[in-house]
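The values are calculated or read from the model by the stated rules, or taken from the named source; none is laboratory data. From a predicted model like this one, the values you see are computed outputs, not experimental measurements. In this analysis, Cβ positions are derived from the backbone assuming ideal geometry, glycine residues included, and neighbour counts consider all displayed protein chains. Surface accessibility is based on the protein's heavy atoms, side chains included, excluding ligands, DNA and RNA. Shrake-Rupley method; radii C 1.70, N 1.55, O 1.52, S 1.80 Å.
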Amino acid sequence: MHPSLAQLAPLFFLSGAAALVAEATWLRWLRLWLGATAPAASATLVAFFAGQALGALLGARWVARARRPLRTYAALEAGAALGCLAVPVLLSAGETALAGSYDGLRDSPGLLTAIRFGLALAVTLPAALCFGATLPAMGAAALRGPGELGSRGSLLYAVNTAGGAAGVILASFWLPPLFGVSATYGVGIGLSLCACAGALWIGRREQAEPRETDEDRPRASASRSPSHRSRMSARLLALAALSGFGAFAAQVLLVQSLGQVLDQSVLAFGAVLVVVLVSLALGAAAVSVAVRGGLVPAQTLLGLALGATALGLASFPALLFAATGGLDFVGSGDAWPGLPLEALGTAALTAGPLLLAASLVLPLTFALAGDEAGDAPDRGGAGARLGLLAAVNTVGALAGAVAAPFVLVPTVGLWGGFLALAFLYALPAVLVRDVSRQSRALRDLALAGGWVAVLALANPLDLPETRLEPGERLVHQESRAAGLVAVIERDGERLIRIDNHYALGGTAERVHEERQGHLPLLLHASPDRVAFVGTATGISAGAALAHPVKRLHLVELVPGVASAARRFFHDANRGVYTDPRSHTVLDDARNFLRSTGTMFDVVVADLFVPWRSGTGSLYTQEHFEAVRARLHPGGLFCQWLPLYQLQEAEFRVVAATFHAVFPEAALFRGDFFGAFPIVALVGWRGRPPAAERVSENARALARAGETDRWIADPAGVGVWALYAGPLPAPDPATPRNRDDRPRIEFQAAKTHVGGRRGVAEPLVGLRWSAVQDELRLAARAGGVPFFPDLPAEARRAAEGGAALQLASGLLVAGRADEAARALTRAATLLPPHLLAAAPADPSAADLWHDLPRELDGH
């Protein structure tokens, strides 16, 4: 007795969900442990695909000999579960091995990427191999012969892919923020075990395939050998490879394109992947229906699918432009659930047609392979052919994962990459035969007309990759695997923008950016070796050259950003990239600090957008611990926070996590803005320096010619106006941000504070002033001894800074009269020379511009 497809389909759905939950978790872990650079991410993807391709190829041979393929399938699911259990153990061992050689490999990025690929392949191979082999095994169990590859084989593939979409939903939206990453991974393993148990239960009455006798063996040796039973034409194998290459290369380009109009959070990326997988499932299901009902000949449908995919790829950039108003952010609804829903809608509207067309190609190769083999019963042969096509398809996907980001985008640009893929699909669309000359001629005529229309009305090469606002001029742009980097000129100032919407600073903000570099170095007695994490324009790091540093590490994730900073911001960043004291590290900051053996006196981390995918890992306890381990005794870590992009609850989580690692910590303001304040969490490995040492550092900067009075004060007092107070012990109920419980990554993606669709109020204005007051009171109540030698004038400056911050908050709240009174109090507390140049000082620009009469009265 053979099981029915209705019995087996739920098992294969669970298998697809388990595979995607596992792979999503692997990607997260490998990103944390190997780095989030584009080469490292591609190396992990290639490793996954290599394991799955090998599994499908071996599975094709195994099932050709298997007498009870459902038991083979059950064994593979059990093997996948065991392999998944081994991954974190193997990763930990691999990380330890790589850490010892990291510094020697850092300047050889090709070799480092190869080693990362080898590590990713080694730790994931057992599980990936088993996942890849499940398709041929299930095919052998569910299909009576190769003749059912098109009808039932495509349906199996659809069910498995739909399960994968469900797995993405579990791993990207629901389980990690509720239960943590490890628990999510455990659910994936549990799903594999459920599929295994179900297969064993259903297969307890599975009828064994007849064993060949000695008389049958010579006669069957040729017709039933594994190689013969999976043999098919080179044409079909080439189409399967093309389908894998084109589909995954298109997915890479789609993610990069849609990332320019979405918020690039884990929720947005998950939504795009769901659209891709659902499209693949719908396409496979459509082929199953078409083949089973004899609606359209597979040969005819294949030519139409290839041609439609080509036209869809060529027209996608124009569709995206039209749907988003020229690459503007999509929608205006709430962040949650508005953003994921808008991402789903935008991806479906613009990419859905081409994805649906492309999704037909691989299932159609199943159908044509069945036509080649005939209708003779042969379960092993059906599974073997299915496995071989899947293996070749996965190898094609592997090539697409490398070619799209590292060949197509750098060579022809993002829109040119879509056009190149369109031509790749158009060629076989013309060459594929049809059932008659007349239908082939009609197809080719329609395809030619479509190309004329696309190139005349929606030519992707006519569209700009960089979105410019009125008054902006493009100075430079560079498309690479890590994204689109542009240098923009506006009102005589320059800025760097990545992926069209994220500004990384510029010359207009030079005073503030330099202050982000000056302040941490003032708070160390004698900083010799310094690291800047996230260098952007290099202006903050360039400020370090005014201090007596001997070695400066510039750690930047995106090579194009470092290149643009070196070429176009040399005058603004003091030539920091070419200074002999500087060393540029093009790597993931977290991976660098976990792996390097170099020790530092000061580590300065830039402002990181909390909702962007991967950024939340820079606010975790594990990352803060890695930084502390790289500090000399007495060293300090400064983490700048954009309060305008954090709600109060998120700030408290980050602060509590920081305090858990740096109990000797303080808060310093970066400015006195009411609407867009930034703050520094500063933690010492040991005791902070004496207050007089900090003041003397400030006086030394003033003597060196620095002009920012809040930092380079001849009286050594201005820096204390930025002092918000010690960071007290947090409420024990405040959760910590951990790798296994990435609260900031998911919570910030939902609230999107400070974004166009934020659903929570940012920690700015009066909220920020109230939190500062609360923290100061908690520190006093807890007896936190911080800067006990702070002189009276410096204490008055700190109170004056708080009053100045309050004045800005009151002004933003529309309470101008109260703002004027708070400003008056600030003027009585702060030394006159700090406010003398106020109109030209951007540190509290809203006050200087909006309260001129009150300011003149002081």
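Miscellaneous remarks
- Members of the stretch 548-571 that are surrounded by fewer than 22 Cβ atoms within 10 Å (Cβ to Cβ) and part of a loop (DSSP other than H, G, I, E, B): P548, V549, K550, H570, D571
- Hits in the stretch 802-828 (condition: without any contact (Cβ under 8 Å) to a residue 40 or more places away in the chain, open to solvent by 20 Å² or more (accessible area, probe 1.4 Å) and either among the hydroxyl-bearing types (S, T, Y) or in a helix (DSSP H, G or I) (or both)): A816, D817, E818, R821, T824, R825, A827, T828
- All positions within the stretch 18-32 that are within 14 Å of G186 (Cα to Cα) and open to solvent by less than 20 Å² (accessible area, probe 1.4 Å): A18, A19, V21, A22, T25, W26
- Yes/no for L242 being modelled with pLDDT of 75 or more, more than 25 Å from P3 (Cα to Cα), open to solvent by 10 Å² or more (accessible area, probe 1.4 Å) and of a type in the set (A, V, I, L, M): yes
- Among the conditions (1) within 27 Å of the chain's Cα centre (by Cα); (2) more than 27 Å from Q747 (Cα to Cα); (3) open to solvent by 30 Å² or more (accessible area, probe 1.4 Å), the only one that L607 does not satisfy is (2).
- Matching helices (runs of 4 or more DSSP H) fully within the stretch 691-755 where at least 1 residues are buried (at least 24 other Cβ atoms within 10 Å of the Cβ) and of a type in the set (F, W, Y): 718-721
- Checklist (1) modelled with pLDDT under 95; (2) of a type in the set (A, V, I, L, M); (3) over 27 Å from A749 (Cα atoms); (4) open to solvent by less than 20 Å² (accessible area, probe 1.4 Å) applied to I202, failing item: (4)
- Residue in the stretch 106-115 that is basic (K, R), crowded, with 20+ Cβ neighbours inside 10 Å, over 26 Å from L5 (Cβ atoms) and under 34 Å from the mean Cα position of the chain (by Cα) present: no
- Matching residues, the stretch 636-659, being polar (S, T, N, Q) and in a strand (DSSP E or B): Q639
- All conditions in (1) over 28 Å from L364 (Cα atoms); (2) assigned to a helix (DSSP H, G or I) hold for L242, with the sole exception of (1).
- Under the condition of being open to solvent by less than 20 Å² (accessible area, probe 1.4 Å) and either without any contact (Cβ under 8 Å) to a residue 24 or more places away in the chain or of a type in the set (G, A, S) (or both), the residues counted in the stretch 506-518 number 2.
- Test: residue in the stretch 428-447 that is without any contact (Cβ under 8 Å) to a residue 12 or more places away in the chain and either of a type in the set (G, A, S) or in contact with a Ser or Thr (Cβ under 6 Å, 6 or more places away or on another chain) (or both): yes
- Residue list for the stretch 33-42, filter: open to solvent by 10 Å² or more (accessible area, probe 1.4 Å) and either closer than 22 Å to E77 by Cβ or assigned to a helix (DSSP H, G or I) (or both): W33, A38, P39, A41, S42
- Being among the aliphatic types (A, V, I, L, M), open to solvent by less than 10 Å² (accessible area, probe 1.4 Å) and touching a Leu at 6+ places or on another chain (Cβ under 8 Å) is a property that does not hold for L545.
- Among (1) within 26 Å of F366 (Cα to Cα); (2) without any contact (Cβ under 8 Å) to a residue 40 or more places away in the chain - the single one T411 does not satisfy: (1)
- Those helices (runs of 4 or more DSSP H) of the stretch 68-146 in which at least 3 residues are closer than 30 Å to L156 by Cα, considering only elements entirely within it, cover 69-99, 109-142.
- Which listed residue, of R612, R630, is open to solvent by 10 Å² or more (accessible area, probe 1.4 Å) and either more than 28 Å from V255 (Cβ to Cβ) or small (G, A, S) (or both): R630
- Taken together, P363, P405 contain a single residue that is crowded, with 24+ Cβ neighbours inside 10 Å, within 20 Å of A286 (Cβ to Cβ) and touching a residue at least 60 places away in the same chain (Cβ under 8 Å), which is P363.
- Yes/no for A675 being open to solvent by 10 Å² or more (accessible area, probe 1.4 Å), in contact (Cβ under 8 Å) with a residue 60 or more places away in the chain and either closer than 21 Å to G800 by Cβ or assigned to a loop (DSSP other than H, G, I, E, B) (or both): yes
- You will find that of D601, D579, D588, the residue that is open to solvent by 10 Å² or more (accessible area, probe 1.4 Å), acidic (D, E) and at pLDDT below 95 is D588 and no other.
- Only one of the numbered conditions (1) part of a loop (DSSP other than H, G, I, E, B); (2) of a type in the set (A, V, I, L, M); (3) open to solvent by less than 10 Å² (accessible area, probe 1.4 Å) is not met by A525, and that is (3).
- Some residue of the stretch 420-440 being assigned to a loop (DSSP other than H, G, I, E, B), of a type in the set (D, E), over 17 Å from L311 (Cα atoms) and open to solvent by less than 60 Å² (accessible area, probe 1.4 Å): yes
- Residue, most open to solvent (accessible area, probe 1.4 Å), within the stretch 43-86, restricted to residues that are among the β-branched types (V, I, T) and either closer than 27 Å to L5 by Cα or at pLDDT 95 or above (or both): T72
- For the stretch 452-472, residues that are in contact with a helix residue (DSSP H, G or I) (Cβ under 6 Å, 6 or more places away or on another chain), under 18 Å from G325 (Cα atoms) and not in a loop (DSSP other than H, G, I, E, B) total 1.
- Residue in the stretch 473-494 that is assigned to a helix (DSSP H, G or I), open to solvent by less than 60 Å² (accessible area, probe 1.4 Å) and of a type in the set (G, A, S) present: no
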